[in-house]
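Data first, discussion second: the structure below is written as structure tokens.
The values are calculated or read from the model by the stated rules, or taken from the named source; none is laboratory data. These figures come from a predicted structure and were not determined experimentally. Cβ atoms come from the backbone with ideal geometry, glycine included; neighbour counts cover every protein chain shown. In case anyone asks, the SASA skips ligands and DNA or RNA and just uses the protein heavy atoms, side chains included. Shrake-Rupley method; radii C 1.70, N 1.55, O 1.52, S 1.80 Å.
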Amino acid sequence: MAQQEYLQPALAGLDPTVDGIDPALPLYATTFVVVDLETTGGAPDGGGITEIGAVKVRGGEELGVLGTLVNPGVPIPPFITVLTGITQAMLLPAPPIEQVLPSFLEFVSDAVLVAHNAPYDVGFLKAACGRHGYRWPNPRVLDTAALARRVLLRDEVPNRKLATLAAYFRAGTQPTHRALDDARATVDVLHGLIGRLGGHRVDTIGDAIEFSRAVTPTQRRKRHLAEGLPRSPGVYIFRAADDRPLYVGTSRDIATRVRSYFTAAEKRARMSEMLAAAERVEAVECAHSLEAEVRELRLIGAHAPPYNRRSKFPERMVWLKLTDGPYPRLSVVRQISPDDRAYLGPFTSRRTAELAAAGFHDAVPLRQCTHRLSLRTITPACALAELGRCPAPCEHRITPEEYDERAVQPFATATTGDPQPVVDALLARIETLAAAQRYEEAATLRSRLAAVLRATVRMQRLAALSGIAELAAAHPAAGGGWELALVRHGRLAGAGVSPAGVHPRPTLSVIRATAETVSPGHGPVPAASPEESERILSWLERPETRLVEMSDGWASPVAGAGRFRDLLDKAESGASHQLWSERS
């Protein structure tokens, strides 16, 4: 019977969820537990361990030793006995693994786990913990085999086997395929490898773990760009040799985030290309995460860095508006003016605006032709009039007053108030198509309904915020105190943090005195990009955020588009069979 292939799992490494050791801890102050296992072979299934050897060291000094045989509860294969010298008779009086694990887990607590070919040993230990109900402590793990592949050249050692490395570093104990001897040999190999890391500017346990991983030469060569950055919230900017911004990002901890670009976890091809062109990293410290997010959006909008994908061109937003003159129609435009009768947006692309326009054309009898009509002269009707899809204002079959009531007013009301008539008309058509089993057409209408609702909900939310001349809010800071934000017409005008134990009013007064002056304007986003106002809205709508002061009331229409959010979620998820019950 073929033996099951064993696939080595990924190690915890610098996973932020791991317990215990700070990755910034210097190597000389790090406690290591060097472990080696002997097993019956095969894949880790919770058993199979025949011997555990572990040595605890720190700063080159041995702190403790743990070694024991383990009864695996199964016969030992003959080739394992030949390899290790461990016989069935030796294991019969030994304790089973479930009795050994408590002592071993206590021994490795608050230490970095080290092993040669670590995924194999860690895989057996994790499987044993899972099988017998013990919580795996998820320690940081350093693999001496992987580290040797990064530190030593082929000219120095022919391979990275433990016996070869022990001989190269003149270890005091040579490997014998017995757990404790092999662990002691790995200790000497570890110390030899640490001695070589200084030349690579690796002096912390986090750097050592990442150095052992498969980072690219570019990442290794450019990792000095992450040095000296603040460990605070803010924005970081990768700049080219000509000082041109290449990439803009944000983080609660600038130093940690930038350092992650030079680790094996960063595998994006465009980021590798960006790192090759980067020459320095600039940090902009911010009071809190909201200010950092807003500054990131503004910098991306101002500089359009080539390696940022989103929010690069805020000026490309478009609007859907009613044209001037008799018998208005819908038109996609780049800008709106105070004289516009009714409009909807902003949309991120012309395609999404046209999808919403199609939804309104399905719901209300707005004309779709682009002719400029006259109240005196008749224009020949198009095919839509013959199909009953247009009231033919071109041939004066409908009066301007009736056209305004049936077509114009429903659109204008839906954008700033109640979209119920439009929603009802679209749901009725979807229901009719579904009843006739014309499901593809019903799905198309469902997409148009979602576009209409998405745009109206968004515009009314933005308009409610931008209509407030000044709003002050506070959010509890992680370390105590309050994160403060001053918002004017939907734009972040000032930000700060009030320290713990200090009343926030004086800090708020300073923020107000130094805040940006924001003038009112036209539309739902007169002073900021839609993304910025939406980030502010998300921050304000958090349960912990408190409204401190407002110059005006913050309100949405009672019968506004917001009440159709559940319907929008269902339409976007494609659950068309749930739409019929939403008519209200």
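Structure above, values below:
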quantity: For the chain, Kirkwood radius (reciprocal of mean inverse C-alpha pair distance, Å); calculated: 29.6 Å
quantity: Residues in the stretch 137-165 reached by a label modelled at residue 224 [backbone nitrogen below 20 Å; 7 Å Cα→Cβ]; calculated: 151
quantity: Surface share of carbon and sulfur [accessible, 1.4 angstrom probe, percent] for the chain; calculated: 51 percent
quantity: Pair residue 81, residue 399: separation of 7 Å Cα→Cβ label points (nm); calculated: 10.8 nm
quantity: Residues with amide H under 5 Å from that of residue 548, placed H, sequence gap 5 or more; calculated: 472, 473, 474
quantity: Cα gyration tensor category, rounded, prolate or oblate, for the stretch 400-472 with a/c compared to 1.5; calculated: oblate
quantity: The stretch 441-446 - phi-based ³J(HN,Hα) in whole Hz, Karplus 6.51/-1.76/1.60, Gly and Pro as x; calculated: 5, 5, 5, 4, 5, 4
quantity: Extension reserve of the residue 386-residue 109 stretch, reckoned as 0.36 nm per residue once the Cα distance is removed; calculated: 91.6 nm
quantity: Phi-based couplings in Hz for the stretch 503-514 (Karplus 6.51, -1.76, 1.60; Gly and Pro marked x); calculated: 5, x, 4, x, 5, 5, 5, 5, 4, 5, 5, 9
quantity: Relative contact order (%) - criterion: Cα under 8 Å, at least six apart; region: the chain; calculated: 9 percent
quantity: Amide H within-cut-off set for residue 477, under 5 Å, with H built and near neighbours excluded; calculated: 482, 483
quantity: Shape of the stretch 284-399, Cα gyration tensor, a/c cut at 1.5; calculated: prolate
quantity: Estimated vicinal HN-Hα couplings, Hz - the stretch 481-497 in sequence order (Karplus 6.51, -1.76, 1.60; Gly, Pro = x); calculated: x, 9, 7, 10, 9, 10, 10, 10, 6, x, 10, 6, 9, x, 8, x, 10
quantity: Residue 62-residue 164 pseudo-label distance in nm [points 7 Å out on the Cα-to-Cβ vector]; calculated: 2.7 nm
quantity: Surrounding net charge for residue 547, when Lys and Arg each add one and Asp and Glu each subtract one, Cβ distance under 13 Å; calculated: -3
quantity: Radius 12 Å from Cβ of residue 165, net charge of other residues (Lys, Arg +1; Asp, Glu -1); calculated: +2
quantity: Estimated distance in nm for a label pair at residue 517 and residue 310, the labels positioned 7 Å out from Cα along Cα-to-Cβ; calculated: 3.5 nm
quantity: Linear extension gain, residue 441 paired with residue 28, 0.36 nm per residue minus alpha-carbon span; calculated: 141.8 nm
quantity: About the Cα centre, charge dipole magnitude for the stretch 319-462 (Lys/Arg +1, Asp/Glu -1 at Cβ), debye; calculated: 520 debye
quantity: Sum of -39500 (n - 2.57) over DSSP H runs of 4+, divided by residues of the chain (222 nm, nearest 500); calculated: -11500 deg cm²/dmol
quantity: Protection proxy ranking of 80-93, 258-271 - average other beta-carbon atoms within 10 Å, highest first; calculated: 258-271, 80-93
quantity: Accessible area expressed per residue, the chain, with surrounding protein chains retained (probe 1.4 Å, Å²); calculated: 48 Å²
quantity: Highest average packing first - 358-368, 513-523, Cβ atoms within 10 Å; calculated: 358-368, 513-523
quantity: Local electrostatic count, residue 187, Cβ distance below 12 Å [Lys/Arg +1, Asp/Glu -1]; calculated: -3
